[in-house]
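Colleague: Just passing along the structure, written as structure tokens.
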Amino acid sequence: MGRSRSAAATPALLAALIFLVALNLRPAIAAVGPVLTRIGGDLGWGESLLGVLGAMPLWAFAVVSPLVRFVTARIGADRTILAALLVLAVGDVARSFGGPTGVWLGTVAAGAGIAAGNVLVPVIAKRDYAGHVSMATGVYSACITTGSAIAGLTAAPLADMLGGWRPALALWAAPPVIVAALWSIRVMRGTSRASDGSSATPHDPHESRGTGVSADSCAKSAAGAASETAVASAKPSDAVAVESAAASLPLWRRPMTWWVTLFMGLQSAAFYTMSNWLPSVVTAAGFSDATAGVHLFVFQSLGILSGLMIPALMQVRGNQVCAAVVSSVPMVVSGLGWMAAPGLSLLWGVIGGMGQGAALVVALTLISLRGRTSEETVALSGMAQSIGYLLASVGPLAFGTLAELSEGWTAPLVLFTALAAVQCVVAVLAGRDPARV
């Protein structure tokens, strides 16, 4: 895997540590869903409070992600990654052994650490592997998906083996500590070179601004590659030449900006709602905790396959409507399926998993295509992610609240399906070529 001249001074093994960082960017979140009911039973919390717990990492993403660039400007990207890993580990431990208050504070800390890592991993990978960005993107995003899927699969068995949800969740503090120890070698090497008047990781002002990119831009394996493919086949020259009146407006006043932001928020809401609550829905249908973890694993891991497939539909008739709709409809099918035939939960997990992976790739590609310049794309990404994650947090929160109020899963699944249907409508609006609207 080729690397840029600016990163040539970084040994290959140290550069590759970024992929180990990526492995740590989802387990702290994904491991919660399969033991959510155990947390509620132990602490006496109902589904509403558990819904808040599921939404908190998304709030952290929305708040912390835009701030990471300021920290990076002061201490550098490598030191920020090191701090993020340590904050993540502390959050994992505090959440498990800090009592009820520790659960909240630890979740916030873990979410903040993940948010910083999510922002910087794509930036560092792009810098160190500038010659093979698509390949590097595929590797780090596959690592993120792998970490998420493994955590969801093993959470319930670990809780059974270790005697409860607390040690099962605390166990995930170990990997970031190990990676932090390895990453510190890279940090010290960079400090040593800086004292010699050179730098293994020179600062690029565009990279600094680029730290506003999606926290989930590395969540699925084909996201970066699909974005590059779509950009390469973007608007034809005649479409570029035709500037609509909306294009001269500030970004926040353009309707397309809000459609893209809404699409990002809705697809994120679907993914994080099911990541938190799917195990509870599955166990309520009569399956064991371990089986529920398998269903969650299938739902999360199939995003890699669908993310690789959806780029083929990204330029049908010169727009992204087909891809956006095709990636959105499976969630409607899954929601209806979980309501009508919960015994076939694995099938609905397969269908929904294919949809959620493809939808994220479409959302990231829309951001890449709708920005006319690199600076505008970064601004659109920051807006779509910050506001999008705030919208997405409504998903797990409302799902849990409705489950508690209705004492069942039908009402929350109706809401989930309704939001998925809204996503299908937004897909048409966000997928249109703005130059032809």
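The values are calculated or read from the model by the stated rules, or taken from the named source; none is laboratory data. Remember, it's a predicted structure, so these values are computed and weren't measured experimentally. Positions of Cβ are backbone-derived with ideal geometry, glycine not excepted, and every protein chain shown enters the neighbour counts.
Colleague: Given the criterion over 25 Å from residue 60 (Cα atoms) and touching a helix residue (DSSP H, G or I) at 6+ places or on another chain (Cβ under 8 Å), identify the matching residue among 352, 395.
Modeller: Testing whether each residue is over 25 Å from residue 60 (Cα atoms) and touching a helix residue (DSSP H, G or I) at 6+ places or on another chain (Cβ under 8 Å) leaves just 352.
Colleague: May I pose another question? So, of the residues in segment 383-396 that are surrounded by fewer than 24 Cβ atoms within 10 Å (Cβ to Cβ) and among the aliphatic types (A, V, I, L, M), which turns out to be farthest from residue 360 (Cα to Cα)?
Modeller: Residue satisfying both the conditions and the ranking: 394.
Colleague: Something else about it: Could you list, in sequence order, the residues of segment 316-341 that are farther than 24 Å from residue 369 by Cα, surrounded by fewer than 23 Cβ atoms within 10 Å (Cβ to Cβ) and either of a type in the set (Lys, Arg) or in contact (Cβ under 8 Å) with a residue 24 or more places away in the chain (or both)?
Modeller: Selection gives 332, 336, 339.
Colleague: In addition: Restricting the first residue to segment 367-395 and requiring it to be on the phi > 0 side of the Ramachandran plot and outside any loop (DSSP other than H, G, I, E, B), which pairs with a second residue that is at pLDDT 90 or above and not aliphatic (A, V, I, L, M) meet a Cβ separation below 7 Å and a spacing of at least six or different chains?
Modeller: none
Colleague: In segment 1-111, which helices (runs of 4 or more DSSP H) lie fully inside it and hold 1 or more residues that are closer than 25 Å to residue 182 by Cβ and more than 18 Å from the chain's Cα centre (by Cα)?
Modeller: 12-15, 17-23, 68-75, 77-97
Colleague: Here's another thing I want to ask about it. Can you pull out every residue in segment 289-315 that is more than 30 Å from residue 432 (Cβ to Cβ) and without any contact (Cβ under 8 Å) to a residue 40 or more places away in the chain?
Modeller: Result: 291, single match.
Colleague: Now for a separate question. Does residue 355 fit the bill of being more than 29 Å from residue 123 (Cα to Cα) and touching a residue at least 40 places away in the same chain (Cβ under 8 Å)?
Modeller: Taking the combined requirement at face value, the residue does not satisfy it.
Colleague: Considering 22, 89, 77, 15, which residue is at pLDDT 95 or above, crowded, with 18+ Cβ neighbours inside 10 Å, farther than 23 Å from residue 394 by Cβ and not basic (Lys, Arg)?
Modeller: When all the criteria are applied, what remains is 89.
Colleague: Moving on to the next point. Out of the residues in segment 151-195 that are basic (Lys, Arg) and farther than 20 Å from residue 19 by Cβ, state the one that is modelled with the highest pLDDT.
Modeller: Only one residue fits best here, namely 166.
Colleague: Let me ask you something else. Give me the pairs, please: first residue somewhere in segment 1-28 and within 30 Å of residue 106 (Cα to Cα), second residue anywhere and modelled with pLDDT under 80 and outside any loop (DSSP other than H, G, I, E, B), beta-carbon distance under 6 Å, and either six or more positions apart or on two chains.
Modeller: Taking only residues 6 or more apart or on different chains, the pairs are 19/139; 19/140; 22/140.
Colleague: Considering each residue of segment 425-437, count those that are surrounded by fewer than 18 Cβ atoms within 10 Å (Cβ to Cβ) and touching a residue at least 24 places away in the same chain (Cβ under 8 Å), and give that number.
Modeller: Qualifying residue count, segment 425-437: 5.
Colleague: Taking the condition at pLDDT 50 or above, out of contact with any Asp or Glu (no Cβ under 6 Å at 6 or more places or on another chain) and hydroxyl-bearing (Ser, Thr, Tyr), does residue 211 pass?
Modeller: No, not satisfied.
Colleague: Would you call residue 145 more than 27 Å from residue 189 (Cα to Cα) and assigned to a helix (DSSP H, G or I)?
Modeller: yes
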